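This report refers to the structure that appears directly beneath it.
The values are calculated or read from the model by the stated rules, or taken from the named source; none is laboratory data. Note that the coordinates shown come from a computational prediction; the quantities given were computed from them, not determined experimentally. When we count neighbours, we look across all protein chains shown, and the Cβ atoms used for this are built from the backbone with ideal geometry, even at glycine. SASA here: full protein model, heavy atoms, side chains in, ligands and nucleic acids out. Shrake-Rupley method; radii C 1.70, N 1.55, O 1.52, S 1.80 Å.
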Amino acid sequence: MRLFVAVSPPAEELRALDAALGARDESLRWVPPEQWHLTLVFCGEVAPTVVPELTERLARGVARTPAFEIHLAAAGAFPRQAARARVLWVGLGGDVDTLTRLAERCSAAARRSGIAVEDRAFRPHLTVARARRDTVDVRPQVQQLSSYAGAPWRVDSVRLVHSTLGAQVRHETLEQFPLAEGAPS
């Protein structure tokens, strides 16, 4: 099973971002808005027998993180050179420190479940498009979104998602985990 752990922005924020993107450049493969999410950890292919332990560990780690507010803000590219980008993304503002701690806890839960996750710094973003081939100049899109700032929303849960690739990518939520209501731990 191809799995990832993510935060989902509210529908109204997805609609606002969709409108702000405007016309779509055909040199990019645009991610459908209904699939937009903030990946906390990509688990890759995971044996179904590992899912119960992963679920238990994620529930414990997520429950240690207080609910917090973030918002979509500005844009950028991977790699950083927007003139030769492979990915166009929208960034985040607000309590990104708590989001980063949440991502670290989710990564730790995956590693402790025996999943080999990438060992690199968390870079919070929402991918909106990918290059169809090689690289694309996304400077116009980055400039267009440079002053974009969505409304803040409260992150109060995290989803474990099963992703099925193919002509039509499908995302199915396997489990949803609530964040804590109290002070940070």
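Consider Gly44 against the criteria (1) at pLDDT 95 or above; (2) of a type in the set (Gly, Ala, Ser); (3) within 22 Å of Leu174 (Cα to Cα): it satisfies all of them except one. Which criterion is unmet?
Gly44 satisfies all of (1) at pLDDT 95 or above; (2) of a type in the set (Gly, Ala, Ser); (3) within 22 Å of Leu174 (Cα to Cα) except (1).
Residue by residue through segment 110-126, note down the ones that are more than 21 Å from Tyr148 (Cβ to Cβ), of a type outside the set (Gly, Ala, Ser) and crowded, with 19+ Cβ neighbours inside 10 Å.
Ile115 - this is the single residue of segment 110-126 that is more than 21 Å from Tyr148 (Cβ to Cβ), of a type outside the set (Gly, Ala, Ser) and crowded, with 19+ Cβ neighbours inside 10 Å.
For segment 62-87, enumerate the residues that are in a helix (DSSP H, G or I), open to solvent by 20 Å² or more (accessible area, probe 1.4 Å) and modelled with pLDDT of 95 or more.
Across segment 62-87, the qualifying residue is only Ala63.
Looking at Val138, Val161, Val117, can you tell me which residue is hydrophobic (A, V, I, L, M, F, W, C) and farther than 30 Å from Val50 by Cβ?
Val138 is the lone residue from the list that is hydrophobic (A, V, I, L, M, F, W, C) and farther than 30 Å from Val50 by Cβ.
Can you find a residue in segment 98-109 that is under 19 Å from the mean Cα position of the chain (by Cα), open to solvent by less than 40 Å² (accessible area, probe 1.4 Å) and modelled with pLDDT under 95?
No: zero hits.
Among the residues of segment 7-61, how many are in contact with a Pro (Cβ under 7 Å, 6 or more places away or on another chain) and either assigned to a helix (DSSP H, G or I) or farther than 30 Å from Ser147 by Cβ (or both)?
Count: 2.
Can you name every residue in segment 41-61 that is open to solvent by 40 Å² or more (accessible area, probe 1.4 Å) and either acidic (Asp, Glu) or under 18 Å from Asp119 (Cβ atoms) (or both)?
Phe42, Glu45, Glu53, Glu56, Arg57
State all residues of segment 86-138 that are of a type in the set (Ser, Thr, Tyr) and closer than 22 Å to Glu56 by Cβ; if no residue qualifies, say none.
The answer is Ser107, Ser113.
State the number of residues belonging to segment 67-87 that are polar (S, T, N, Q) and either touching a strand residue (DSSP E or B) at 6+ places or on another chain (Cβ under 7 Å) or closer than 17 Å to Val158 by Cα (or both).
0
What about Leu92, is it aliphatic (A, V, I, L, M), in a strand (DSSP E or B) and either open to solvent by less than 50 Å² (accessible area, probe 1.4 Å) or over 23 Å from Ser163 (Cβ atoms) (or both)?
Against the criterion (aliphatic (A, V, I, L, M), in a strand (DSSP E or B) and either open to solvent by less than 50 Å² (accessible area, probe 1.4 Å) or over 23 Å from Ser163 (Cβ atoms) (or both)), Leu92 qualifies.
Got a sec? Which of Val90, Val51, Val41, Val46 is over 18 Å from Val158 (Cβ atoms) and in contact (Cβ under 8 Å) with a residue 24 or more places away in the chain?
Val90
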